Amino acid sequence: MKKLLTIAGSDSCGGAGIQADLKTFSAHGVFGMSVITAVTVQNTQGVFGVQDISPDIIQRQIEVIFDDISVDAVKIGMVSKTETIKTIAETLSKYSIQNLVVDPVMVSKSGFHLLQLEAKEALITHLLPMATVVTPNLPEAEVITGLEINTLEDMKKAAHIIYKMGPKYVLVKGGHLEDEAVDILYDGTVFTYYNSPRIDTKNTHGTGCTLSSAIASNLGKGLSIVEAIEKAKNYITIAIENSFSIGKGVGPTHHFYELYKKAGLL
Ligand SMILES: Nc1ncnc2c1ncn2[C@@H]1O[C@H](COP(=O)(O)OP(=O)(O)OP(=O)(O)O)[C@@H](O)[C@H]1O
Ligand SMILES: Cc1ncc(CO)c(N)n1
């Protein structure tokens, strides 16, 4: 079985963060491992607090995994603050990482800062150059580039600027666009479009975490970047189509829809 690692924050209500990543890994038939960077106090209505894990414990979690297990792909999500980012980058650089998906998580859908404002520079300097692919949503791409992004042309411009920061590929996600959910991949030369109709639901908690973990799973299984994103886009679209309410706010996507259907559990 392929072995996947997520380095991210815990979401107590289970729809985003580490919990979404591990569910996505399981749905892809890969073995999921986790290094927790921060514990959030979170439900479907918002994020109400955060406790960062100490850099030493983050470093040692990463080291014991890589010293023991060969990891086929890594996904990085919520990294909270500068010290955490530097620790992750320094520790990972001691190992040869095959596939690294960096989801530059900044602000939750409810508006909570999951990345401290001053940590943006560290994320750009230390994590983006290590990434196989970086997956900003529109607000994140705006913060990283300083552009205002409203159109597909703006998304392409942003992808170009982010590409220059060092990742091998950039995927600018259009989940925040009005009509269609178009994601654009840039490899330094060619733009590849991934289109899906906009699904009319409020239950989109953890869509970004789920997509980036699905991409990491597919890269870990040896798919090319274009195929890995194509399959991941298909997976997230089905997960959003079958999303559901669990509380009073923004509900999670369905990580296991296809599997449950096959198993007769729906
Ligand atoms: N309503 C929707 N209908 C169809 N696809 C969507 C919708 N919302 C998001 N997506 C898709 O989900 C994926 C994740 O994109 P999105 O921009 O929502 O990430 P995100 O904002 O980082 O998510 P989060 O911060 O909640 O984890 C993309 O492929 C995007 O196109
Ligand atoms: C822990 C965590 N990571 C990422 C996100 C972004 O969806 C979230 N809401 N919570």
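Flag set for residue 180, criterion: within 11 Å of ligand 1 (Cβ to nearest atom), farther than 16 Å from residue 227 by Cα and either touching a strand residue (DSSP E or B) at 6+ places or on another chain (Cβ under 6 Å) or of a type outside the set (Val, Ile, Thr) (or both). Considering 203, 195, the condition of being surrounded by 18 or more Cβ atoms within 10 Å (Cβ to Cβ) and within 12 Å of ligand 1 (Cβ to nearest atom) is satisfied by 203 alone.
State whether one or more residues within region 56-64 are within 20 Å of residue 41 (Cα to Cα) and assigned to a loop (DSSP other than H, G, I, E, B). No, region 56-64 contains no residue that is within 20 Å of residue 41 (Cα to Cα) and assigned to a loop (DSSP other than H, G, I, E, B).
Restricting 24, 87 to residues that are in contact with a helix residue (DSSP H, G or I) (Cβ under 7 Å, 6 or more places away or on another chain), away from ligand 2 (no atom under 15 Å from the Cβ) and of a type in the set (S, T, N, Q) narrows the list to 87.
Just wondering, is there one or more residues in region 100-110 that are more than 13 Å from the chain's Cα centre (by Cα), open to solvent by less than 60 Å² (accessible area, probe 1.4 Å) and within 22 Å of residue 210 (Cα to Cα)? Among the residues of region 100-110, not one is more than 13 Å from the chain's Cα centre (by Cα), open to solvent by less than 60 Å² (accessible area, probe 1.4 Å) and within 22 Å of residue 210 (Cα to Cα), which makes the answer no.
This table checks each residue for (1) surrounded by fewer than 22 Cβ atoms within 10 Å (Cβ to Cβ); (2) in a helix (DSSP H, G or I); (3) out of contact with any helix residue (DSSP H, G or I) (no Cβ under 8 Å at 6 or more places or on another chain); (4) charged (D, E, K, R).
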{"position": "124", "(1), (2), (3), (4)": "yes, yes, no, no"}
{"position": "127", "(1), (2), (3), (4)": "no, yes, no, no"}
{"position": "149", "(1), (2), (3), (4)": "no, no, no, no"}
{"position": "158", "(1), (2), (3), (4)": "no, yes, no, no"}
{"position": "161", "(1), (2), (3), (4)": "yes, yes, no, no"}
{"position": "174", "(1), (2), (3), (4)": "no, no, no, no"}
{"position": "184", "(1), (2), (3), (4)": "yes, no, no, no"}
{"position": "188", "(1), (2), (3), (4)": "yes, no, no, no"}
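Among the numbered conditions (1) modelled with pLDDT of 95 or more; (2) over 16 Å from the mean Cα position of the chain (by Cα), the only one that residue 171 does not meet is (2). Restricting to region 220-243, name every residue that is aliphatic (A, V, I, L, M), touching a strand residue (DSSP E or B) at 6+ places or on another chain (Cβ under 9 Å) and open to solvent by 10 Å² or more (accessible area, probe 1.4 Å). Within region 220-243, 225, 226 qualify.
The values are calculated or read from the model by the stated rules, or taken from the named source; none is laboratory data. Here the structure is a predicted model, which is why all the values come from computation and not from measurement. All Cβ positions, glycine included, derive from the backbone under ideal geometry; neighbour counts span all protein chains shown. Ligands, DNA and RNA are stripped out before the accessible areas are found, and what is left, the full protein with its side chains, is counted by its heavy atoms. Shrake-Rupley method; radii C 1.70, N 1.55, O 1.52, S 1.80 Å.
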